[in-house]
Ligand code: ARG
């Protein structure tokens, strides 16, 4: 047994090479290195601050750790599988650089509280990046919405034409979903931002450490109150995976709509060449790869959430090696969410165009103004249910004679009900149908303009928090 291993001389023989490989996390947890170094710097400073080591020793440790950071950034720190994990790799290199004092770094600390600290620092940074990306995406949506208040688009329920909408209103629905995502991540970030450093392996430590000191150096908002909970809690990771899953739910729903809109059947948008691909065999095709991939990648994020829940459910207190499995789930989720947000932002900003002529035709070719006929009669005192039944008959008659409501003559309307007057045509024109839905949160242009203003204000005022 060499001195270069993580554990003590109690072991008589080395690990089986295949088991060493199986056990090692260095292949993926190297992703944590910057956070590991930052956490270790804070720990070393605390050891000196509390007199557990001398100030000179503290300085040597910090200098050695910063040297490793430089080496890593320059591509000169590439620990192999024998290092087991990033924590041991750093400690080993530190001892090479700083000599025996390097061996003091792990005083009053365990890899259990160390890895928990690293993971939280990592996630805190990633969450703040993702929140910036969410803001960018919201701002792209808002720009398109602002330019399309009076562009109409069919609205659907059950994927059947229901009532026409302002395109801005439709896009603002996604703005709201992303607003919740942004807020949710902000709330989760507060819980991520709690320090487990100093919880030790599970029970705390015999050394007179100062957990609040390391927490404040690392800008954590507080510390775990219970050491067992501190080293084994992964609620924050699960919460993040939930939030990430919801972001993907939202992106995937929008993706599905874009895929439909880009089809010949809908024809509501065209995809630009920069954001779509062709087929290797069918020359006429232009495929919506970006939204399809986003829809597809959603599944793997749900998978990570599920894996993490199952990982935790049977774990006795406190740390168990199972917890090493949290990392790839988190790393892949961060990469997936970040990649999807980036691609969708580009797609919406410059890779896609709404076809306004086709949209205008679409809202004028169906019976999505039928409710307005019923509302017209109801506003003249006819009970709504009676009006509704009558309009049902009108629609049936129209379908039989291959007409739309707008094609009926005034005589035909009046034969159906004497309350109809010349203003019925105005009441069922798509623009009026949309404008009239002026209830709070509705698609009426006045409401939409108000909603756009509020969205803009929220984007500006919330962008710094
Ligand atoms: N690589 C380990 C992980 O990711 C670090 C903690 C190891 N702790 C231990 N007691 N073996 O969880």
Which members of region 305-323 meet the condition of being within 16 Å of the ligand (Cβ to nearest atom) and either in contact with a strand residue (DSSP E or B) (Cβ under 7 Å, 6 or more places away or on another chain) or under 20 Å from residue 244 (Cα atoms) (or both)? 307, 308, 311, 312, 323
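Mind listing whichever residues of region 291-318 are touching a residue at least 12 places away in the same chain (Cβ under 8 Å) and not in a helix (DSSP H, G or I)? Give the derivation first.
We begin by selecting, within region 291-318, every residue touching a residue at least 12 places away in the same chain (Cβ under 8 Å); these are 291-295, 297-298, 300-302, 304-305, 307-309, 311-312, 315, 317-318.
Answer for region 291-318, where residues must be touching a residue at least 12 places away in the same chain (Cβ under 8 Å) and not in a helix (DSSP H, G or I): 315, 317, 318.
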Answer with yes or no whether residue 142 is modelled with pLDDT of 95 or more, buried (at least 16 other Cβ atoms within 10 Å of the Cβ), assigned to a helix (DSSP H, G or I) and within 16 Å of the ligand (Cβ to nearest atom). no
When region 97-113 is examined, which residues are found to be more than 19 Å from residue 63 (Cα to Cα) and assigned to a helix (DSSP H, G or I)? 111, 112, 113
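Counting only residues that are away from the ligand (no atom under 16 Å from the Cβ) and surrounded by fewer than 22 Cβ atoms within 10 Å (Cβ to Cβ), which one in region 190-203 is nearest to residue 107 (Cα to Cα)?
194
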Being more than 16 Å from the ligand (Cβ to nearest atom) and surrounded by 19 or more Cβ atoms within 10 Å (Cβ to Cβ): is that true of residue 65 here? yes
Answer yes or no as to whether residue 180 is over 26 Å from residue 427 (Cβ atoms), assigned by TED's automatic domain parsing to the domain that holds residue 241 and surrounded by 18 or more Cβ atoms within 10 Å (Cβ to Cβ). no
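Matching residues to (1) surrounded by fewer than 21 Cβ atoms within 10 Å (Cβ to Cβ); (2) over 29 Å from residue 255 (Cα atoms):
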site	(1), (2)
311	yes, yes
320	yes, yes
341	no, no
346	yes, no
350	yes, no
355	yes, no
376	no, yes
Mind listing just one residue for me: the one in region 71-91 that is within 16 Å of the ligand (Cβ to nearest atom) and not in a helix (DSSP H, G or I) and, of those, farthest from residue 43 (Cα to Cα)? 80
Tally up the residues in region 92-133 that are free of Cβ contacts under 8 Å to residues at least 40 places away in the same chain and within 14 Å of the ligand (Cβ to nearest atom), please. 1
Some residue of region 381-398 being surrounded by 16 or more Cβ atoms within 10 Å (Cβ to Cβ) and under 22 Å from residue 167 (Cα atoms): no
Going by what's in this entry, would residue 53 be described as modelled with pLDDT of 95 or more, away from the ligand (no atom under 16 Å from the Cβ), buried (at least 19 other Cβ atoms within 10 Å of the Cβ) and in a loop (DSSP other than H, G, I, E, B)? yes
Could you check region 433-465 and list, in sequence order, the residues that are without any contact (Cβ under 8 Å) to a residue 12 or more places away in the chain, surrounded by fewer than 16 Cβ atoms within 10 Å (Cβ to Cβ) and closer than 20 Å to residue 167 by Cβ? 438, 439, 440, 441, 446, 450, 453, 454
I need every pair where a residue in region 319-333 that is free of Cβ contacts under 8 Å to residues at least 60 places away in the same chain and not assigned by TED's automatic domain parsing to the domain that holds residue 85 has its Cβ under 6 Å from the Cβ of a residue that is part of a helix (DSSP H, G or I) and more than 6 Å from the ligand (Cβ to nearest atom), sequence separation at least 6 or different chains. 322/311; 325/311
Where in region 191-284 are there helices (runs of 4 or more DSSP H), lying fully within it, with 3 or more residues that are closer than 22 Å to residue 136 by Cβ? 235-262
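The values are calculated or read from the model by the stated rules, or taken from the named source; none is laboratory data. For clarity, every value in this text was computed on a predicted model and none was experimentally measured. FYI the Cβ positions are ideal-geometry reconstructions off the backbone, even for glycines, and counts take in every protein chain you see.
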